[in-house]
1. Any residue in the range 140-147 that is among the charged types (D, E, K, R), touching a Pro at 6+ places or on another chain (Cβ under 6 Å) and surrounded by fewer than 23 Cβ atoms within 10 Å (Cβ to Cβ)?
2. Find the residue count for the range 215-238, including only residues that are among the aliphatic types (A, V, I, L, M), crowded, with 18+ Cβ neighbours inside 10 Å and more than 17 Å from Thr102 (Cα to Cα).
3. Being surrounded by fewer than 21 Cβ atoms within 10 Å (Cβ to Cβ), farther than 17 Å from Phe313 by Cα, without any contact (Cβ under 8 Å) to a residue 60 or more places away in the chain and not β-branched (Val, Ile, Thr) narrows it down to one of Pro267, Pro272, so name that one.
4. Name the single residue that is surrounded by the fewest Cβ atoms within 10 Å (Cβ to Cβ) among those in the range 113-138 being aliphatic (A, V, I, L, M) and more than 21 Å from Ala66 (Cα to Cα).
5. Among what's in the range 74-108 and is more than 13 Å from Leu312 (Cα to Cα) and polar (S, T, N, Q), pick the residue that is modelled with the lowest pLDDT.
6. So if I check each of Ile303, Ile322, which one is among the aliphatic types (A, V, I, L, M) and either over 18 Å from the mean Cα position of the chain (by Cα) or buried (at least 19 other Cβ atoms within 10 Å of the Cβ) (or both)?
7. For the structure I just gave you, tell me whether Asn215 is assigned to a loop (DSSP other than H, G, I, E, B) and modelled with pLDDT under 95.
8. Tell me which residues, restricted to the range 239-263, are touching a Ser or Thr at 6+ places or on another chain (Cβ under 6 Å) and either free of Cβ contacts under 8 Å to residues at least 24 places away in the same chain or surrounded by fewer than 20 Cβ atoms within 10 Å (Cβ to Cβ) (or both).
Amino acid sequence: MMRAVGGYVRRVKSIGTAVVVLVATVMLVVGATASVPAVAATTSPPAGSVVNGSMPSGAAAFLGPARQVRVGSLKLGYRQFGKGPDLLVISGFASPMSLWGTQLPKLLAQHYRVTMFDNRGIGYSTDDVAQPETIPLLASDAAGLIRTLHLRMPSVLGWSMGGQIALTLVVKYPGIARRVVLTGADFGGTHAVLPDAATVAILNSPNTTPEQFLNLLFPATTGQAEQAFVQQLAQVPQEATRVSATTRQGNAEGAWYQYEGTYKSLPSVRIPVVVTNGALDVVNPQANAKLIAKRLPRASVVIFAAGGHAMLFQNAPRFAAIVNG
């Protein structure tokens, strides 16, 4: 198992490099984002300061500008939009919040006040390298943001590593959330199901391209969904993702597969949890969804038959309906 864990660390570092290249490619396509003007302050602005050049235009204008707010020793970058009960959205490995695109956030904003943010060291968020990065530490950051922004018993949505953070959040901080929706996540430790050797081999390659990365997120039969996803990214000012930050997240992921705390504590979680996954997900095998649900008292499982790791973008209306509950 230690060899498998080591391979997984190399795997996620390769994913992180591919994300960096993907974001850089999108930035080249849409041009430098610094030329986009910041929005003027409103009467009652959200907490924190506006990040210059972060205001989207056109179809993405509803997202509003990114802001930075102090949480402990960090400044976390976040966006807040929509109306309704609170929903906290947690991003996956090496992914800035700009990679959520526009379609799914807009559907969620019809029912929620959505707060999405960059994990420490990613995008608009700063880091504190004196602290070894772990999934429990990232969960503490999320809890700090909930308190700082005065989110009221939010529902929590976590994708991939964001799902691991969400699970750990509700284990460490009982009563902080109303409901959780996971997609493409696992519970860590030695019980999690890792990808097959072929997928690991592709991701371990130092020559991984954005196209290969996208092919692992989207099954071959969903070319139109993949193309639409990339087009959405071009509508949002893309954030730089530093390779050093992905290295720290890679270390956190490696430690996650030796950490049994979340797995052991899941039976204590009393809030509803919806566990979703793509049946064709090669990055996070669907077996993990069923294993998570078995550990939770109030869990349900939804498997998207033709879905990959990015199935929430493949069929955004169906996924949004699940989150909207």
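1. No, that holds for no residue.
2. 2
3. Pro267
4. It comes out as Ala130.
5. Checked the range 74-108; the qualifying residue modelled with the lowest pLDDT is Ser95.
6. Ile303
7. Spelling it out, it is not the case that Asn215 is assigned to a loop (DSSP other than H, G, I, E, B) and modelled with pLDDT under 95.
8. Ala255
The values are calculated or read from the model by the stated rules, or taken from the named source; none is laboratory data. Computed from a predicted structure; not experimentally measured. For neighbour counting, all protein chains shown are included, and Cβ atoms are generated from backbone atoms with ideal geometry for every residue, glycine included.
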